[in-house]
Amino acid sequence: MTLLDIQNYLLQFLPSVEITGDETRIINRLAKIEDAVEGDLTFIANPKYEKFLETTAASAILISPKLATAYPSNRATFIKTADPYTAFVFLLEKLSPPRTWINAGSHPAAIIARTASVHPSASIGAGAYIGEQCVIGEGSFIGHNTVVMTGTRIGAACTIYPNVTIYDGSQLGDRVTIHSGSAVGSDGFGFAPQPDGSYRKIPQTGIVVIEDDVEIGANVCIDRATLGETRIEKGAKIDNLVQIAHNVRIGANTVVAAQTGISGSTSVGQSCMIGGQAGLVGHLTIADRVVIGAQSGVSRSIMAAGEIVRGWPAQPIKTQLRQEAIVRRLETDLAAMMNRIKALESELAQMKAAE
Amino acid sequence: MTLLDIQNYLLQFLPSVEITGDETRIINRLAKIEDAVEGDLTFIANPKYEKFLETTAASAILISPKLATAYPSNRATFIKTADPYTAFVFLLEKLSPPRTWINAGSHPAAIIARTASVHPSASIGAGAYIGEQCVIGEGSFIGHNTVVMTGTRIGAACTIYPNVTIYDGSQLGDRVTIHSGSAVGSDGFGFAPQPDGSYRKIPQTGIVVIEDDVEIGANVCIDRATLGETRIEKGAKIDNLVQIAHNVRIGANTVVAAQTGISGSTSVGQSCMIGGQAGLVGHLTIADRVVIGAQSGVSRSIMAAGEIVRGWPAQPIKTQLRQEAIVRRLETDLAAMMNRIKALESELAQMKAAE
Amino acid sequence: MTLLDIQNYLLQFLPSVEITGDETRIINRLAKIEDAVEGDLTFIANPKYEKFLETTAASAILISPKLATAYPSNRATFIKTADPYTAFVFLLEKLSPPRTWINAGSHPAAIIARTASVHPSASIGAGAYIGEQCVIGEGSFIGHNTVVMTGTRIGAACTIYPNVTIYDGSQLGDRVTIHSGSAVGSDGFGFAPQPDGSYRKIPQTGIVVIEDDVEIGANVCIDRATLGETRIEKGAKIDNLVQIAHNVRIGANTVVAAQTGISGSTSVGQSCMIGGQAGLVGHLTIADRVVIGAQSGVSRSIMAAGEIVRGWPAQPIKTQLRQEAIVRRLETDLAAMMNRIKALESELAQMKAAE
């Protein structure tokens, strides 16, 4: 594929794609800039990697029009486009060979209950279990040894990887992806304390609803509601090892990074970004477009859309960063104040003595 | 079911259940107060939800005798009882249709080793594996594709959901519940550093013991002991994604919230409450009824029963909250002190100049 | 086995092993010092456990030559050796009965794709799935219901426990151990934001490479690279519930404790130690032999080999510990300073009044 071919392909999606240099060069592979060799096309999106522009052997580089393209030792052709990362993604999609990990159709070793309804175009892996009254939609893949329990509905074009468990009554939309080891619909953590110190289990009678275009990572836990629904709205992306408790709502297009935990009945708005290992206590309301820093502890609702918080307990980022800076220079500042106090004390003592 | 029926049912368990209003109303469903419609019974236990008392369309509301029951636009019948939440739990138990996710008996696609002993009333799911010398007790459910390794004993009336792994030699009591994806009895993390910088694995020769009435969430890890036992005592409740290392003891009726990690050989007392994402270092002793706040880092033993700790490193909650408050107002306080120092300095300078 | 036998056995590995007392005593069992009874051999490695030296009923104790061995009520024979813990590990290896959890050979209920190549000496558990073009090496164990997807290569003498998922194209060396529930090769968390607020999935076209002698705990997630490799180098040890994102490198002999998360493209050096629940942001470089404290948040590269960091955000341990101490005594220190300021103010006021 020549750079001219690549330019033409990208112009289907992107308004401007401009080549500076030899457009006949042949591209064999996509690569990261630190790994790229002759014949590779790469990209620059993160300033941390600009240093490689001097030394990369890549044949071509997708680059923002804002960046310089003259580097003494770099003989690459530059392709200028406003969002090099998205351009690279389009090329990855075009050039990646399709991954094949499951054969089409139902494997003879899949177990499909008599009352389940599996679309003829769906693929069910070896050892997968599809329970009674389940519905599996058109073109969906259910991985090997994945368990889909009674009465679950899975839409069209879903990819459920191996060893996933989807509990009874869950409802998944179309184009949902779930990675291995995740548990969807397990019981919420609800126990009523009894006078003798023991706990009585609170029946978890609700379900989990996962809307279209949601992607869920590996070893994620999404608990079923006590009553009603735990709901992951359209287009949300949930990373590995995230905990989503009963009756939580995750708004559309919200992104939750790995190992974050969201406690019961908390409602997270749309288009939020939650960093890794953050924790949210229960019964909160988080507005739309809120950004929560990694490892933050959110203990109050955030009502202002677009608010950025960080820290423990989390507070607006400006306040938090100023506070972190104050703590960092505290030793110096306290010592300086103490010196001025001592100076005052000794001056005063001298004045008294002089009286 | 009428409210009179409900009152009579609850009076079997609770000392006082009093109806204020029409006791003949028919209840069709249980619901959360924010979702309840005509025909629903709901409850108020958390003050955050009292605002819904003005507007709910519920037909009946379980409520504490301490709360007012006169709301202009609320036409519900009120049922006064000291612990509305527990009352609601009793009703959930009575009114929830039983969840069916596994058929009775052993599925033909279950694999049961020749020397395993499975009680005739137990149910073994499709693709489940019951290893040599295992014992599965009366009325227990072993989920689809769950693996029970050699020599494990599971008591009566246990519910092991699909895709769980229970390693060899584990011992489970009666009425134990384990959710999907959990690993019980995996190797403790023990390696002896060698002179060449590599690590030599320390054989993990102990087991895991889980006593009666324990519930374990999804994707939990409970490591086997190096020597002896890792033990979860009667009635303890472990939420999703919790890490319990080798030789840990969790006391009876202790509750551990999601994503908490407890390091090797730490002993947690009875009736403790550990918040989410907390971490405890190894070889600690935690007394009974200790409360550890979410995201705390506990690096020392806590010997006083009932102590409440929080923060990083964790300290008694009063100290910790005072410290958090001091840090929050530090900028203001330091600036105020500095102003007073400057005022003193300038006064002193004036006095000197005036001498 | 007598203590003389034990001495002779240990002298094969250790330069000096000296018996103080009766070398004919018979040892039946290895035990922790707090549990040991007559007939048991135990060890002392952690000073926290020295208190048990007074009271243990053990018949023999492995102990450092630096420790006293005269305790009035202790009648054990002492075995002095420079590293009692490593000595104990050698004995554990010798005396532990081998764990049997899988039968030799391929279980009839294993599913092995036609084009997979399984060494005749490998053991494949019931319900395990070995995909097309997979290679399973000599003497490796693949647990029950474990899924090995298309084109994965697993070396010799590996132990993959039940219910693991290894995605397509993964490459494992020899003597690799992976515990239950782990997902190796799941998609990296990469999505390009689109103008309408939705996210476009970035194809994750790379693989995971796990070198020889790596041990991976239960419910770990190791994501495949976007391009190229995510690599776990020789001898690294990864504890339960760890998140390793796309394109991460973990250096040889590095140890990562439970629930830690390492974000995308971060490179961790060799022989590092990372405590539990720590978090590292993406695109960092961590030098060799760096030690990162539990629950730390690392937001910058650490270029100095052997650096020890701790805290949030993480900083060199001396700075961090001093800062923690300052914050802890802040209330007292501020009050003391304020008192001195007030004293100055009142003195000054008196002086003025006296003028």
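Quick check: is even one residue across the range B:63-72 outside the structural domain of B:Tyr161 (by TED's automatic domain parsing), surrounded by 17 or more Cβ atoms within 10 Å (Cβ to Cβ) and at pLDDT 90 or above?
For the range B:63-72, residues outside the structural domain of B:Tyr161 (by TED's automatic domain parsing), surrounded by 17 or more Cβ atoms within 10 Å (Cβ to Cβ) and at pLDDT 90 or above: present.
How many of the residues making up the range B:281-297 are in contact with a Phe, Trp or Tyr (Cβ under 8 Å, 6 or more places away or on another chain) and either small (Gly, Ala, Ser) or in contact (Cβ under 8 Å) with a residue 40 or more places away in the chain (or both)?
Number of matching residues: 2.
Among (1) over 16 Å from C:Gly261 (Cβ atoms); (2) within 11 Å of chain C (Cβ to nearest Cβ); (3) surrounded by fewer than 22 Cβ atoms within 10 Å (Cβ to Cβ); (4) within 14 Å of the chain's Cα centre (by Cα), there is one condition A:Val291 misses while meeting the rest; what is its number?
(2)
Please determine, by comparing only the residues of the range A:123-139 that are in a loop (DSSP other than H, G, I, E, B) and surrounded by fewer than 24 Cβ atoms within 10 Å (Cβ to Cβ), which one is nearest to the other protein chains (Cβ to nearest Cβ).
Per the stated criteria, the residue is A:Glu132.
Would you tally the residues in the range A:142-169 being surrounded by fewer than 24 Cβ atoms within 10 Å (Cβ to Cβ) and at negative phi?
Residues that pass the stated criteria total 6.
What's the number of the condition A:Thr205 fails, among (1) assigned to a loop (DSSP other than H, G, I, E, B); (2) more than 11 Å from chain C (Cβ to nearest Cβ); (3) buried (at least 24 other Cβ atoms within 10 Å of the Cβ); (4) not hydrophobic (A, V, I, L, M, F, W, C)?
For A:Thr205, the failing item is (3).
Matching residues to (1) of a type in the set (S, T, N, Q); (2) within 32 Å of the chain's Cα centre (by Cα):
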| position | (1), (2) |
| --- | --- |
| A:Thr2 | yes, no |
| A:Leu10 | no, yes |
| A:Pro15 | no, yes |
| A:Gly21 | no, no |
| A:Asn28 | yes, yes |
| A:Ile33 | no, yes |
| A:Val37 | no, yes |
| A:Leu41 | no, yes |
| A:Ala45 | no, yes |
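Results for (1) modelled with pLDDT under 95; (2) hydroxyl-bearing (Ser, Thr, Tyr); (3) in contact with a Pro (Cβ under 7 Å, 6 or more places away or on another chain); (4) in the same structural domain as B:Gly297 (by TED's automatic domain parsing), shown as yes or no for each residue.
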residue: B:Arg310; (1), (2), (3), (4): no, no, no, yes
residue: B:Leu330; (1), (2), (3), (4): no, no, no, no
residue: B:Leu334; (1), (2), (3), (4): no, no, no, no
residue: B:Lys352; (1), (2), (3), (4): yes, no, no, no
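Pairs, please: C-beta under 7 Å, at least 6 apart or cross-chain, first residue part of a helix (DSSP H, G or I) and in the range A:328-355, second among the β-branched types (Val, Ile, Thr) and at pLDDT 90 or above?
Filtered contacts from the range A:328-355: A:Leu330/C:Ile326; A:Glu331/C:Ile326; A:Met337/B:Ile341; A:Arg340/B:Ile341; A:Ile341/B:Ile341; A:Ile341/C:Ile341.
Among the numbered criteria (1) in contact with a Phe, Trp or Tyr (Cβ under 8 Å, 6 or more places away or on another chain); (2) at pLDDT below 90, which single criterion is violated by A:Arg75?
For A:Arg75, the failing item is (1).
Conditions: (1) under 30 Å from C:Gly306 (Cα atoms); (2) more than 10 Å from chain A (Cβ to nearest Cβ); (3) crowded, with 24+ Cβ neighbours inside 10 Å. B:Ile250 meets all but one. Number of the miss?
(1)
Can you pull out every residue in the range C:171-190 that is part of a loop (DSSP other than H, G, I, E, B) and within 11 Å of another protein chain (Cβ to nearest Cβ)?
C:Arg175, C:His179, C:Ser180, C:Gly181, C:Ser182, C:Asp187, C:Gly188, C:Phe189, C:Gly190, listed by residue number.
Restricting to the range C:141-154, name every residue that is more than 15 Å from C:Ile210 (Cα to Cα) and free of Cβ contacts under 8 Å to residues at least 40 places away in the same chain.
C:Phe141, C:Ile142, C:Asn145, C:Thr146, C:Val147, C:Met149, C:Thr150 - these are the residues of the range C:141-154 that are more than 15 Å from C:Ile210 (Cα to Cα) and free of Cβ contacts under 8 Å to residues at least 40 places away in the same chain.
For the range A:6-28, check the following and say yes or no: at least one residue is closer than 21 Å to A:Ser73 by Cα and touching a residue at least 60 places away in the same chain (Cβ under 8 Å).
Kept after step one, since they are closer than 21 Å to A:Ser73 by Cα, are these residues of the range A:6-28: A:19-27.
In the following step, the residues that additionally are touching a residue at least 60 places away in the same chain (Cβ under 8 Å) were identified as A:19-20.
So far as the range A:6-28 goes, yes, one or more of its residues are closer than 21 Å to A:Ser73 by Cα and touching a residue at least 60 places away in the same chain (Cβ under 8 Å).
Hey, can you tell me all the residues within the range A:10-28 that are among the hydroxyl-bearing types (Ser, Thr, Tyr) and either farther than 15 Å from A:Pro84 by Cβ or assigned to a loop (DSSP other than H, G, I, E, B) (or both)?
Result: A:Ser16, A:Thr24.
In the range A:255-287, which residue that is over 10 Å from the mean Cα position of the chain (by Cα) and of a type in the set (A, V, I, L, M) is surrounded by the most Cβ atoms within 10 Å (Cβ to Cβ)?
The extreme case among them is A:Ile262.
Could you check how many residues of the range C:173-230 are acidic (Asp, Glu), under 20 Å from C:Ile262 (Cα atoms) and touching a Gly at 6+ places or on another chain (Cβ under 7 Å)?
The total comes to 3.
Quick one: C:Ile244 ticks every box in (1) under 30 Å from A:Ala82 (Cβ atoms); (2) more than 8 Å from every other protein chain (Cβ to nearest Cβ) bar one, so which box is it?
Tallying (1) under 30 Å from A:Ala82 (Cβ atoms); (2) more than 8 Å from every other protein chain (Cβ to nearest Cβ), C:Ile244 fails exactly one: (1).
On the given criteria, is A:Leu227 buried (at least 20 other Cβ atoms within 10 Å of the Cβ), facing chain B (nearest Cβ under 9 Å) and of a type in the set (A, V, I, L, M, F, W, C)?
Details: buried (at least 20 other Cβ atoms within 10 Å of the Cβ): yes; facing chain B (nearest Cβ under 9 Å): yes; of a type in the set (A, V, I, L, M, F, W, C): yes.
Yes.
Among the residues of the range C:55-112 satisfying the criterion of being free of Cβ contacts under 8 Å to residues at least 12 places away in the same chain and not in a loop (DSSP other than H, G, I, E, B), which is nearest to C:Lys32 (Cα to Cα)?
C:Val89
Considering only the range A:331-342, state which residues are in contact with a helix residue (DSSP H, G or I) (Cβ under 8 Å, 6 or more places away or on another chain), more than 8 Å from chain C (Cβ to nearest Cβ) and under 17 Å from B:Ala349 (Cα atoms). Before the answer, list the steps.
So in the range A:331-342, the residues in contact with a helix residue (DSSP H, G or I) (Cβ under 8 Å, 6 or more places away or on another chain) come out as A:331, A:333-334, A:337-338, A:340-341.
With more than 8 Å from chain C (Cβ to nearest Cβ) added as a condition, the list becomes A:333, A:340.
Of everything in the range A:331-342, just one residue is in contact with a helix residue (DSSP H, G or I) (Cβ under 8 Å, 6 or more places away or on another chain), more than 8 Å from chain C (Cβ to nearest Cβ) and under 17 Å from B:Ala349 (Cα atoms), namely A:Arg340.
Checking the condition in contact with an Asp or Glu (Cβ under 8 Å, 6 or more places away or on another chain) and farther than 24 Å from B:Ser299 by Cα, which residue from B:Val209, B:Val184 passes?
B:Val209 is the lone residue from the list that is in contact with an Asp or Glu (Cβ under 8 Å, 6 or more places away or on another chain) and farther than 24 Å from B:Ser299 by Cα.
Filter the range A:30-54 down to residues that are of a type in the set (D, E, K, R) and either in contact with a Gly (Cβ under 6 Å, 6 or more places away or on another chain) or in a loop (DSSP other than H, G, I, E, B) (or both) and give me whichever is farthest from C:Thr226 (Cα to Cα). Before you say what the answer is, go through the steps one by one.
Of the range A:30-54, the ones of a type in the set (D, E, K, R) are A:32, A:34-35, A:38, A:40, A:48, A:50-51, A:54.
Still in the list and also either in contact with a Gly (Cβ under 6 Å, 6 or more places away or on another chain) or in a loop (DSSP other than H, G, I, E, B) (or both): A:32, A:34-35, A:38.
Working: A:Lys32: 9, A:Glu34: 14, A:Asp35: 13, A:Glu38: 20 Å.
Among them, the one singled out is A:Glu38.
Any residue that is surrounded by 14 or more Cβ atoms within 10 Å (Cβ to Cβ), within 24 Å of C:Leu11 (Cα to Cα), within 11 Å of another protein chain (Cβ to nearest Cβ) and of a type in the set (Phe, Trp, Tyr) - is there at least one of those in the range C:87-105?
yes
So C:Lys234 passes all but one of these: (1) in contact (Cβ under 8 Å) with a residue 24 or more places away in the chain; (2) surrounded by fewer than 24 Cβ atoms within 10 Å (Cβ to Cβ); (3) more than 14 Å from chain B (Cβ to nearest Cβ); (4) over 19 Å from C:Val164 (Cβ atoms). Which condition number does it fail?
(3)
Of C:Ala110, C:Ala156, C:Ala116, which residue is more than 9 Å from every other protein chain (Cβ to nearest Cβ), over 19 Å from C:Ala183 (Cβ atoms), touching a Cys at 6+ places or on another chain (Cβ under 6 Å) and at pLDDT 95 or above?
Just one listed residue meets the conditions, C:Ala116.
The values are calculated or read from the model by the stated rules, or taken from the named source; none is laboratory data. If you're wondering where the values come from, they're calculated on a predicted model, not measured in any experiment. Glycine also receives a Cβ, built like all others from the backbone with ideal geometry; neighbour counts cover every protein chain displayed.
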